[in-house]
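Data first, discussion second: the structure below is written as structure tokens.
The values are calculated or read from the model by the stated rules, or taken from the named source; none is laboratory data. Computed from a predicted structure; not experimentally measured. Ideal geometry is used to build each Cβ from the backbone, glycine not excepted, and the neighbour counts take in all protein chains shown. When the accessible area is computed, the model is the full protein with side chains, heavy atoms only, and any ligands, DNA or RNA have been set aside. Shrake-Rupley method; radii C 1.70, N 1.55, O 1.52, S 1.80 Å.
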Amino acid sequence: PYCLGSILVRGRCGVDDFTDEAVRDARVLDVAGKVDYVQEDGFDFPRFLSGRIDLRLKDGTTFTAEELHQRGCPENPMSPDDIREKFMQNAARSLPEPRAREAMELILGLDSLDRVDSICGILRGAGG
């Protein structure tokens, strides 16, 4: 319920939406309190984290969406831009942005590196 509340209120549900302050957001909690869920058979769990959402408005209008393959799996891959954005959102929590960008570029080119020392040097001290 919380994740759907966050998505409906903020348009997202990422790492920053789980801080102490964020999880107490009254707007998100109000919407999350209106979320109900049912576990259904027929999805290919645990291979995929499939799901369906039915959003019912006060006037009775219902919107339905179904996701058979979670974002990022081989059947529903993330775009290169999405991968970069997700990396930066997470790495920037522990590294200054220039170091995070440098690490990202090195990691994305990992198969062409002879050694990983350069990556280790950037990551050393992360979060500290």
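For the set Ile53, Ile119, solvent exposure ranked by accessible area (probe 1.4 Å, protein chains only) runs largest to smallest as Ile53, Ile119. Taking only the C-alpha atoms of the stretch 1-75, Rg followed by Dmax gives 14.0, 39 Å. Ligands, DNA and RNA left out, the 1.4 Å accessible surface of the stretch 45-118 is 53% carbon and sulfur atoms.
Seen from a random direction on average, the alpha-carbon convex hull of the chain projects onto 10.9 square nanometres. Ordered by 1.4 Å accessible area with all protein chains kept, Ser94, Ser50 run largest first as Ser94, Ser50. Close amide H partners of Gly72, meaning residues 5 or more places away or on another chain with modelled amide H under 5 Å apart, are Met78. Counting only the backbone N, which residues of the stretch 103-128 are under 13 Å from the spot 7 Å out from the Cα of Ile83 toward its beta-carbon? Of the residues in the stretch 103-128, 104-112 have backbone N under 13 Å from the label point off Ile83. Computed over the alpha-carbon pairs of the stretch 61-128, the distance histogram in 10 Å steps reads 18, 37, 26, 12, 5, 1 percent, short to long. Ordering 13-21, 32-40 by mean Cβ neighbour count within 10 Å, with the highest value first, yields 13-21, 32-40.
Summing -39500 (n - 2.57) over the DSSP H runs of n ≥ 4 in the chain and dividing by its residue number, what mean residue ellipticity at 222 nm do you reach, to the nearest 500 deg cm²/dmol?
That calculation yields -10500 deg cm²/dmol at 222 nm.
Contact order normalised by length for the chain, with contacts defined as Cα pairs under 8 Å and 6 or more residues apart; what percent is it? Spell out each step's value before the answer.
Numbers: 99 pairs, mean separation 17.9, N = 128.
The normalised contact order for the chain reaches 14 percent.
A 1.4 Å probe run over the protein chains yields, for the stretch 84-128, 72 Å² of accessible area per residue, whole-number rounding.
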